[in-house]
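Here the structure comes first, spelled out in structure tokens, and everything after it is commentary.
The values are calculated or read from the model by the stated rules, or taken from the named source; none is laboratory data. If you're wondering where the values come from, they're calculated on a predicted model, not measured in any experiment. Neighbour counts are summed over all protein chains in view; Cβ atoms, including those assigned to glycine, are modelled from backbone coordinates with ideal geometry. Keep in mind that these areas ignore ligands, DNA and RNA; they rest on the heavy atoms of the full protein, side chains included. Shrake-Rupley method; radii C 1.70, N 1.55, O 1.52, S 1.80 Å.
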Amino acid sequence: KIIKVIAPATIANIVCGFDVLGLAVNIPNDEIIIKITNIPGIKIKKIFGAKLSKNKKKNVISIALQALLNKYKKANIGFDIEIYKKIKPGSGIGSSAASAAGIVVGANYLLGNPFNKIELIKFAMEGERLAGGVPHADNVAPAIIGGITLIRSYKPLDIISLRSPDNIWISILHPEIEIKTSDARKILKHKILMNEAIKQWGNLGALIAGLYKEDYSIISRSLEDVIIEPIRAILIPAFNELKINCKSIGALGGGISGSGPSVFMLSNGKKKAELVTNVMKKIYSKLELKYKIYTSSIN
Ligand code: HSE
């Protein structure tokens, strides 16, 4: 049996929900072709679109799949894998998560769905541990469940699927510089001030209320990060200019996607999102830096 899995890019944090919020988009996405065989072992046959290690211990796909196989415990099962990466590693839009999520969802299907979604997320998190040093779930959870997800707790893992209003569209700009999640986490403060925490959880609660009420004014006011963004923004060329200009033409708000360098903006409606994407393009075409740009709905 052989299948093709389409694994979506994801935007972790959604500004005010560091390590707990994430959403899946329709584009870009990766394709993974998986064949189940009776020859034991994980074989990565081809990788297109990115230079990634085929070494079992250094590859997100092998690590996540091995975590699944360790629980499955039946012998004489193997997988041949081809990966078509369209989400660039180090882009901040969940490249490693797409690989990890895609492989465990595909393998689970080929095995007759022995595992539930929470178990699959746990396997995929092992891939994230390799990629980012920490097994965060804010990319793999939306990649596996779809839509917008909230991680209420890591121990025990408790994930809540949130309502996503149909009209929310997303503009994504990916400057082609690589920021490793592990590096972008090292620079963060480990202690935060009470007044910052109060602002942050006020925004997080309000953002979720805004999604449920479909109140774009609340959503817009809540897209504020007083803890992580001030530290990471310096890594991203023209970050403030992007934010100010996109908001001035009517974007609801946005910020750094995951650990960057990608930047995203949410808009009410596709037309507005396309305008915002164009503003991003204008600002970046002045810089001597390659970039990719997408307008997408929520997956
Ligand atoms: N929550 C993680 C971070 C996401 O911001 O470090 C990484 O994609």
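Worth a mention:
- Count - residues of segment 124-149 that are away from the ligand (no atom under 13 Å from the Cβ) and over 19 Å from T181 (Cα atoms): 5
- Any hit, segment 216-231, residues being within 16 Å of the ligand (Cβ to nearest atom), within 17 Å of I93 (Cα to Cα) and either part of a loop (DSSP other than H, G, I, E, B) or open to solvent by 10 Å² or more (accessible area, probe 1.4 Å) (or both): yes
- Residue list for segment 57-70, filter: surrounded by 11 or more Cβ atoms within 10 Å (Cβ to Cβ) and over 23 Å from the mean Cα position of the chain (by Cα): L69
- For segment 182-200, a residue qualifies if it is open to solvent by 30 Å² or more (accessible area, probe 1.4 Å) and either away from the ligand (no atom under 16 Å from the Cβ) or of a type in the set (D, E) (or both), and the qualifying residues are D183, K191, L193, M194, N195, E196, I198, K199.
- The residues of segment 257-296 that are within 24 Å of A97 (Cβ to Cβ), open to solvent by 30 Å² or more (accessible area, probe 1.4 Å) and assigned to a strand (DSSP E or B), listed by number, are Y291, K292, I293, Y294, T295.
- Filter pass, N108 being open to solvent by 10 Å² or more (accessible area, probe 1.4 Å) and either away from the ligand (no atom under 16 Å from the Cβ) or not charged (D, E, K, R) (or both): no
- Qualifying position, being in contact (Cβ under 8 Å) with a residue 40 or more places away in the chain, within 18 Å of I44 (Cβ to Cβ) and open to solvent by 20 Å² or more (accessible area, probe 1.4 Å), among A131, A98, A124: A131
- Meets criteria (assigned to a loop (DSSP other than H, G, I, E, B) and surrounded by 24 or more Cβ atoms within 10 Å (Cβ to Cβ)) for A137: yes
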